[in-house]
1. Can you pull out the residues in the stretch 182-241 that are out of contact with any Lys or Arg (no Cβ under 6 Å at 6 or more places or on another chain), over 30 Å from Lys87 (Cα atoms) and not in a helix (DSSP H, G or I)?
2. So Leu220 clears everything in (1) surrounded by fewer than 16 Cβ atoms within 10 Å (Cβ to Cβ); (2) among the hydrophobic types (A, V, I, L, M, F, W, C); (3) assigned by the TED database to the domain that holds Val234 except one condition, right? Which one?
3. As an exercise: evaluate Gly71 against (1) open to solvent by 30 Å² or more (accessible area, probe 1.4 Å); (2) closer than 30 Å to Asn174 by Cβ; (3) without any contact (Cβ under 8 Å) to a residue 60 or more places away in the chain; (4) not aliphatic (A, V, I, L, M) and give the number of the one condition it does not meet.
4. Quick one: which residue in Val407, Val354, Val371, Val398 is among the β-branched types (Val, Ile, Thr) and surrounded by fewer than 14 Cβ atoms within 10 Å (Cβ to Cβ)?
5. Name the pairs whose Cβ atoms lie under 9 Å apart, with the first residue in the stretch 285-306 and at positive phi and open to solvent by 10 Å² or more (accessible area, probe 1.4 Å), the second among the polar types (S, T, N, Q) and not in a loop (DSSP other than H, G, I, E, B), and 6 or more positions between them or separate chains?
6. Please verify whether Phe61 is touching a residue at least 60 places away in the same chain (Cβ under 8 Å), aromatic (Phe, Trp, Tyr) and within 30 Å of Pro30 (Cβ to Cβ), treating the condition exactly as stated.
7. Being open to solvent by 10 Å² or more (accessible area, probe 1.4 Å) and touching a Gly at 6+ places or on another chain (Cβ under 8 Å): is that true of Lys210 here?
8. Cβ contacts < 7 Å: first residue open to solvent by less than 20 Å² (accessible area, probe 1.4 Å), restricted to the stretch 321-337; second residue of a type outside the set (Val, Ile, Thr) and at pLDDT below 95, any location; separation 6+ or different chain. Result?
Amino acid sequence: FHGIISREQADEILAGVEGAYILRESQRQPGCYTLALRFGNQTLNYRLFYDGKHFVGEKRFESIHDLVTDGLITLYIETKASEYISKMTTNPIYEHIGYATLLREKVSRRLSRTKNESRKASVTSEENTPVEKITSLVRRAALTQNDNHFNYEKAHNFKVHTFRGPHWCEYCANFMWGLIAQGVRCSDCGLNVHKQCSKYVPNDCQPDLKRIKRVYCCDLTTLVKAHNTQRPMVVDSCIREIEARGLKSEGLYRVSGFTEHIEDVKMAFDRDGDKADISASIYPDINIIAGALKLYFRDLPIPVITYDTYSKFIEAAKISNPDERLEAIHEVLMLLPAAHYETLRYLMIHLKKVTMHEKENFMNAENLGIVFGPTLMRPPEDSTLATLNDMRYQKLIVQILIENEDVLF
């Protein structure tokens, strides 16, 4: 550290020594620090920041030396191979993978459920390559040729990642350079790519069950693709149980079950998935199962009626003409992601059945709208005022969806 010195003084100190660097306090902005780095026969100056780790851009380092080392690698690569880097994404290997037939069986084990009546039938093949050797790219390539009935589109969930040892991009097949944060990894399927390549990867994420740690609080599309089901298994299991023994229960969905028992059901699904036992012998009070279903919808990071479509649904609800309102709601439904649409459709069919037992359970479409409005749709901004203002429209939307499920879906 050289204290407050000028750029010219820093340049004199570093002159002729490639890769040398010093730290100085800025003359123009006292209290701010600058990294002066010699590269390509010139002195480069970068504003230096610290928040527990040192950083210039988005990468953070334990020491200035590591930051400089990574910076020199990046500068060298980008200087010497700039033309090549600009062309890396033009001819990706991603679209020309041919491993599918070789590894079909390994991927098929993940497709543990199919759309036919025996949902537990597994797809088999004669190959015996160890599953550990399958990369995320090969897994996905095999899946595209597999009989995956519920192939909903899903964007990758890329996060900056530090790779240990040499690593190559699974989109362009080029080396990932740098000491840390060399690229990004999809936390749902494990795809590893350059940050710049991630912009070109199609929305074909096929989540790996081993990466899905829980059922509740997991993105809806991620969950159904990981389990290869049409809808979240929580929805299917709870609705099946409720329809088997609870449609005539007074105050169904309005009456709360014991919170600790609902949490037990949640833990059972997180632990055992579709094998969770929610039968009457374990949970005789049907309100516990109904509460667990409502909790699942409340815990979704993106509601069933997504943030992107929320305002459009509210605007549709404000239309006074019933026919025009119905048409507007139908148009917005078409904007929902496929897995969200299918889940909502299935739930509305179920809630319509609930209303058919109104004489016993005292739950009509309006009452269910009051219960499920705020459960299925939440405003994008966390505003109590917006939520209060929209509650009547949330109720109305769900009420209309229940009453017109045969027309809208």
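1. Correct list: Asp208, Ile212, Lys213, Arg214, Val215, Cys217, Cys218, Asp219, Gln230, Arg231, Pro232.
2. The one condition Leu220 does not meet is (1).
3. Result: Gly71 passes all but (1).
4. The match here is Val407.
5. The qualifying pairs do not exist here.
6. Spelling it out, Phe61 is indeed touching a residue at least 60 places away in the same chain (Cβ under 8 Å), aromatic (Phe, Trp, Tyr) and within 30 Å of Pro30 (Cβ to Cβ).
7. Against the criterion (open to solvent by 10 Å² or more (accessible area, probe 1.4 Å) and touching a Gly at 6+ places or on another chain (Cβ under 8 Å)), Lys210 does not qualify.
8. From the stretch 321-337, the pairs are Ile329/Leu408; Leu333/Leu408.
The values are calculated or read from the model by the stated rules, or taken from the named source; none is laboratory data. This one's a predicted model, so the numbers in the text were calculated from it and none came from an experiment. Cβ atoms come from the backbone with ideal geometry, glycine included; neighbour counts cover every protein chain shown. SASA here: full protein model, heavy atoms, side chains in, ligands and nucleic acids out. Shrake-Rupley method; radii C 1.70, N 1.55, O 1.52, S 1.80 Å.
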